[in-house]
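Notes to accompany the following structure.
The values are calculated or read from the model by the stated rules, or taken from the named source; none is laboratory data. All of these numbers come straight from a predicted model, not from anything done at the bench. For neighbour counting, all protein chains shown are included, and Cβ atoms are generated from backbone atoms with ideal geometry for every residue, glycine included.
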Amino acid sequence: MVTQSSSRPALFTVEDAKASFNIFCCVCGIGSLGMPSNYARAGWGYATIALLFMAFANTYATVALSKVLLAAPSTVMTYGDLGEWVAGKWGRILVVVSQMSVCLLLPCAFLVLGGTLLDVLFPDCFSQSVWIIFMALMVVPVALIPTMKESTGMAVAGCLGTIVADVIGVSILLYEERGHPTPPSADVSLHQVLTTFGNLSLAYAAATVIPDLQRQHSQPERMPRVIITSLGLASAFFLAIAIIGYLAGGCQMSANLLFSVANTSDPYSTTTLGFLADRGAVVMAYLFMQMHLSIAFSTFLHPAFYMFERLVLGMHKVGPISTDSVKRVMDIEEKMSYIPAATPSTPGVFDLESNSNAAQNRSSTVAAVKEEEDLSEYKGGVNVIRYVLLRIALIAFLVVAS
């Protein structure tokens, strides 16, 4: 006899953790490095309000996106598909432009930052342009992994990389600034507060990869919980790094935490805060952040890879997307009919995390078949050569743009 507790779904599965690591890897990194500088610009009050507002707003928006994807028909596979299903052709255009601006410009920023980090690690060796090319070559093997679900191990390493780098960075600040007078407080202005909101918008950019993660999840109805958990932990991490960094450096903090612990122009000279940190600690912080950037680079590019593989190579084809309002309602009702009601006493109210084992098994079976179909497009000699060349060409374009 099956007990009631045995029929309950797991609170957090291994597959949930895989998606969560990818989200955390996208959000942290550049986002966490800029947190102390946000407090240096806007001060305790405004910076805390901005951080909490952006955390709640982006978590709500990302969960809403996930739930809309759950209600969408099976032909809606990408962010662009969702835009067309909701608002027609113009919806697709607006969504694709906004998504690709994030998925292509952020990797460019990663290349530039990675080149700077390598220049500090190995000063007077090459120009920053050469280091950017070198970093692009390093990320090629990671970028050639077909899907984000298959690169979960890399995402775990990326998460650990940014956590270790940030911890080392704030530890250097606390150690070197010990015994110093209380750092000056921020001289707040409207421009600085608006800049803080802009930096936080850059940090919370995970929504661009949600359609890809949800498409690859065998139980996509669990994604809202994954999103809330991931962004909640990332926001708590942001707050901790911001407060510790601001306590140590005050309004003197640079725009990047790692640039405050080392002089990027001359790594063997004192920093803008007036100290020369232990070289070994600086190297460790920079190496771990370099590892994170290499992995986050490919994670953000996956939606772009998917879109260009569909447009250029004819992969990932789906049926036509209906934009008729009546047909849209019918699609939603059909999709939601597979998700049973939360309780028999609330008919018509659907629970996106149903306790029904039958519904979960059906969802898992459909997702497994879909995953096998997706991976089959990356198999075979000709297919491998085609998608590898396309991805390398896109990375080369980003190198030139950087």
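Computed quantities for the displayed model
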| read-out | value |
| --- | --- |
| Count - residues of the range 168-195 that are surrounded by fewer than 18 Cβ atoms within 10 Å (Cβ to Cβ), in a loop (DSSP other than H, G, I, E, B) and not small (Gly, Ala, Ser) | 8 |
| Whichever residue in the range 225-254 is under 20 Å from the mean Cα position of the chain (by Cα) and small (Gly, Ala, Ser) and, among such residues, is surrounded by the fewest Cβ atoms within 10 Å (Cβ to Cβ) | Ala236 |
| Of all residues in the range 113-132 being assigned to a helix (DSSP H, G or I) and among the hydrophobic types (A, V, I, L, M, F, W, C), the one that is nearest to the chain's Cα centre (by Cα) | Leu113 |
| Residue that is on the phi < 0 side of the Ramachandran plot, out of contact with any Gly (no Cβ under 7 Å at 6 or more places or on another chain) and either crowded, with 16+ Cβ neighbours inside 10 Å or not in a helix (DSSP H, G or I) (or both), where the choices are Ala281, Ala285, Ala296 | Ala281 |
| Hits in the range 196-212 (condition: farther than 16 Å from Thr59 by Cα and buried (at least 17 other Cβ atoms within 10 Å of the Cβ)) | Thr196, Asn199, Asp212 |
| Some residue of the range 271-285 being within 29 Å of Ser20 (Cβ to Cβ), in contact with a Pro (Cβ under 7 Å, 6 or more places away or on another chain) and touching a residue at least 12 places away in the same chain (Cβ under 8 Å) | no |
| Meets criteria (assigned to a helix (DSSP H, G or I), free of Cβ contacts under 8 Å to residues at least 12 places away in the same chain and surrounded by fewer than 20 Cβ atoms within 10 Å (Cβ to Cβ)) for Gly45 | yes |
| Residues within the range 120-167 that are farther than 27 Å from Tyr387 by Cβ, aliphatic (A, V, I, L, M) and surrounded by fewer than 15 Cβ atoms within 10 Å (Cβ to Cβ), tallied | 1 |
| Every pair of residues 6+ apart whose Cβ atoms lie under 8 Å, when the first sits in the range 69-88 and is within 22 Å of Phe300 (Cβ to Cβ) while the second is aromatic (Phe, Trp, Tyr) and part of a helix (DSSP H, G or I) | Val76/Trp85; Thr78/Tyr306 |
| Any hit, the range 27-41, residues being out of contact with any His (no Cβ under 7 Å at 6 or more places or on another chain), surrounded by 16 or more Cβ atoms within 10 Å (Cβ to Cβ), modelled with pLDDT of 90 or more and of a type in the set (Ser, Thr, Tyr) | no |
| The range 197-223: number of residues that are without any contact (Cβ under 8 Å) to a residue 12 or more places away in the chain and either over 20 Å from Phe238 (Cα atoms) or in contact with a helix residue (DSSP H, G or I) (Cβ under 7 Å, 6 or more places away or on another chain) (or both) | 0 |
